[in-house]
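So the structure is just underneath, and the comments pick up after that.
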Amino acid sequence: VQLQASGGGLVQTGGSLRLSCAGSRITFRVYTMGWYRQFPGKQRELVATISNTDSTNYADSVKGRFTISRDNAERMVSLQMNNLKPEDTAVYYCNANLQYPPANYWGQGTQVTVSS
């Protein structure tokens, strides 16, 4: 299983970025896909998830600014991030999770830096 994330970078406050994550060697459509982020010295935290039925869940801190979406045909999950703030600066990770049988996979991180 491979999850390949892309789209991070440097942006000014108020700007936008779109993260994408491509899955391979995975039955993508059955997984709950998600984005998590990690601040220096902190544990990884949930940003947004989208289930196999397209039900979405967002951290309170990103509601109204971030949108998660998926394309099962392309095996892709995306995170559109608008109105970015310096406190969004973190390493962002793509995740694929299945409850049964239990499976959990992580992509490599992609750095998002928002300058003030």
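What the table below lists for this structure:
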quantity: Solvent exposure ordering (accessible area, 1.4 Å, most first) of L79, L10; calculated: L10, L79
quantity: Probe 1.4 Å, protein heavy atoms only - accessible area per residue of region 1-42 in square angstrom; calculated: 52
quantity: 3J(HN,Hα) from dihedral phi, region 5-22, Karplus parametrisation 6.51/-1.76/1.60, rounded to Hz, x for glycine, proline; calculated: 9, 8, x, x, x, 10, 9, 7, 3, x, x, 10, 9, 10, 9, 10, 9, 9
quantity: From the C-alpha gyration tensor of the chain, square roots of 5λ in Å; calculated: 23, 14, 13
quantity: Listed residues A103, A59, A22, most fluctuating in the chain (Gaussian network, C-alpha, under 10 Å); calculated: A103
quantity: Positive-end residue, the chain charge dipole about Cα centroid, Cβ charges, pick of T13, V77, A103; calculated: A103
quantity: Protein-only accessible surface order, largest first, of W35, W106 at 1.4 Å; calculated: W106, W35
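The values are calculated or read from the model by the stated rules, or taken from the named source; none is laboratory data. The model shown is predicted, which means the values in this text are computed figures rather than measured ones. Positions of Cβ are backbone-derived with ideal geometry, glycine not excepted, and every protein chain shown enters the neighbour counts. The accessibility values were calculated without ligands, DNA or RNA, using every heavy atom of the protein model including side chains. Shrake-Rupley method; radii C 1.70, N 1.55, O 1.52, S 1.80 Å.
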